[in-house]
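S.K.: First the structure, which I've put down as structure tokens, then a few questions once you've had a look.
The values are calculated or read from the model by the stated rules, or taken from the named source; none is laboratory data. Just so it is clear, the structure is predicted and the values come from calculations on it, not from any experiment. We place every Cβ from the backbone using ideal geometry, glycine too, and count neighbours over all the protein chains shown.
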């Protein structure tokens, strides 16, 4: 299939802000205020790299991008830092007009929904019910994307675990009580099942790919930004892009 448009939806795992900050490729105001609206920043996020590689920074990916494989493909990004599933529904989807055009949609969302749950450290039964609610909302979101773009290939992604299985999440860890990772496990299981059973939907298993590259990793092998360890650094963004390419290049539905 030749894609006519690429649409990026979701949170900071798709965006340019943190990878560009990590690479020192932003305007001074962006670095100070940590917001992409404060000035220029380099297109080093996963969605930007998937669309058009930075050959100088990532020469191994030269020619392995959508702009090369699908000449003339348009690119629109609606991603926002800290976006939740509700934000994608309420704000980002409004910009996705209905169309029969062959479209690639990438979706990275769910991490902020889960983190807002995990920081409260609810009882196990409450966490499990909340995880079911998040998973159901995620499925409704994917269905809405497919209704708007019935000819789309939708790349969904599992939610990463920066704690590398330790349940000590950077910024929300407690010396007395670990966060309930079972909720993250439940949501990711639902995303994997959704991808395996839904035509036009493919999986990028970022959870599996990023394990070992979080709090347990040495500095040069960490894929999260040191100043915001729940968000990807420049290497992490490239690895997300790699996961998307692998999913696209694997024969599927």
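S.K.: Taking residue 81, is it within 19 Å of the chain's Cα centre (by Cα), at pLDDT below 95, in a helix (DSSP H, G or I) and surrounded by 15 or more Cβ atoms within 10 Å (Cβ to Cβ)?
M.R.: no
S.K.: What tally of residues in region 199-222 results from selecting those that are in contact with a strand residue (DSSP E or B) (Cβ under 9 Å, 6 or more places away or on another chain) and within 19 Å of residue 106 (Cβ to Cβ)?
M.R.: Of the residues in that region, 9 qualify.
S.K.: So, one more: Limited to region 213-241, what total is found for residues that are in contact with a helix residue (DSSP H, G or I) (Cβ under 8 Å, 6 or more places away or on another chain), closer than 29 Å to residue 193 by Cβ and not in a strand (DSSP E or B)?
M.R.: Total satisfying the criteria: 8.
S.K.: Ok, one more. If you scan region 201-212, which residues turn out to be under 13 Å from the mean Cα position of the chain (by Cα) and either part of a strand (DSSP E or B) or farther than 18 Å from residue 188 by Cα (or both)?
M.R.: 203, 204
S.K.: Which numbered condition in (1) in a loop (DSSP other than H, G, I, E, B); (2) at pLDDT 95 or above; (3) under 16 Å from the mean Cα position of the chain (by Cα) is the only one that residue 55 fails?
M.R.: Status for residue 55: all satisfied but (3).
S.K.: Provide a single number: the residues in region 34-52 that are modelled with pLDDT under 95 and either assigned to a loop (DSSP other than H, G, I, E, B) or surrounded by fewer than 13 Cβ atoms within 10 Å (Cβ to Cβ) (or both).
M.R.: 6
S.K.: How many of the residues in region 89-147 are outside any helix (DSSP H, G or I), over 17 Å from the mean Cα position of the chain (by Cα) and crowded, with 22+ Cβ neighbours inside 10 Å?
M.R.: Final tally of qualifying residues: 1.
S.K.: Among the numbered conditions (1) part of a loop (DSSP other than H, G, I, E, B); (2) crowded, with 23+ Cβ neighbours inside 10 Å; (3) at pLDDT 95 or above, tell me where residue 169 comes up short.
M.R.: Looking at each condition in turn, residue 169 falls short on (3).
S.K.: Could you run through region 186-198 and say how many residues are surrounded by 15 or more Cβ atoms within 10 Å (Cβ to Cβ) and within 18 Å of residue 108 (Cβ to Cβ)?
M.R.: Going through region 186-198 one residue at a time, the tally reaches 8.
S.K.: A follow-up question, please. Quick check on region 94-103. Is at least one of its residues modelled with pLDDT of 90 or more and in contact with a helix residue (DSSP H, G or I) (Cβ under 7 Å, 6 or more places away or on another chain)?
M.R.: There is at least one residue in region 94-103 that is modelled with pLDDT of 90 or more and in contact with a helix residue (DSSP H, G or I) (Cβ under 7 Å, 6 or more places away or on another chain).
S.K.: With the condition kept exactly as written, say whether any residue in region 224-231 is within 13 Å of the chain's Cα centre (by Cα) and closer than 21 Å to residue 138 by Cβ.
M.R.: Yes: one or more hits.
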